[in-house]
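Working notes, beginning with the structure itself.
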Amino acid sequence: MEGVISLTEAAAFQIKDMMKENEEEGAFLRVAVRGGGCSGLSYGMGFDHEASEDDIQFEQHGIQVLVDKASAPILQGTKIDYKQSLMGGGFTIDNPNAIATCGCGSSFRTAQNVGTPEEC
């Protein structure tokens with residue numbers, strides 16, 4: 001399961017910028033799936049300073065990425081990009097395993113995992 005997700009160069013550039021701004025250089029980027037959101041599952045991204053034995057670790061464009069083993073099958077093949085627009089910028093997450101997403105785009109479910117849907 002090496003390289004569970006792929007970061008585009010634009011996403012990696014933005015993450016490196018955020019690491020610098022937040023004095024998190026050298027941190028891991030943790031990508032996870034949690035229960036919640038109106039479709040049942042939601043994404044989590046943040047910085048972490050320790051890998052656990054339940055993590056899969058790999059490198060993308062010079063960034064060390066951590067994905068926990070429970071999230072890995074749900075995230076397998078997911079592409080994370082960063083798009084700039086007139087309204088500002090934001091990360092986009094393209095998960096081939098998602099069969100339903102909510103209107104806001106931050107919540108989803110897969111055929112195998114419906115998560116814990118909440119009211120929007």
- Could you list the GluC sites (Glu not before Pro) in segment 32-97 that lie in coil according to DSSP, counting only those with at most 14 other Cβ atoms within 10 Å of their Cβ? E50, E53
- Message: Would any residue of segment 34-64 have its amide N under 11 Å from a label point 7 Å out along Cα→Cβ of K16? List them or say none.
- Response: 61-63
- Task: Work out the FRET efficiency for I99 and E23 from their Cβ-Cβ distance, taking R0 = 41 Å, and round it to the nearest 0.05.
- Result: 0.55
- By its C-alpha gyration tensor, with a ≥ b ≥ c as the square roots of the eigenvalues, how is segment 5-110 shaped: rounded for a/c under 1.5, else prolate for a/b larger than b/c, else oblate? oblate
- Local net charge near N22, Cβ-Cβ under 15 Å (Lys/Arg +1, Asp/Glu -1): -3
- With charges only on Cβ, +1 for K and R and -1 for D and E, what is the dipole size of segment 5-110 about its Cα centre, in debye, rounded to 20? 580
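Read the figures in this text as sums done on the coordinates, not as results from a lab. A quick note: this is a predicted structure, and the numbers were derived from the prediction, not measured. Positions of Cβ are backbone-derived with ideal geometry, glycine not excepted, and every protein chain shown enters the neighbour counts.
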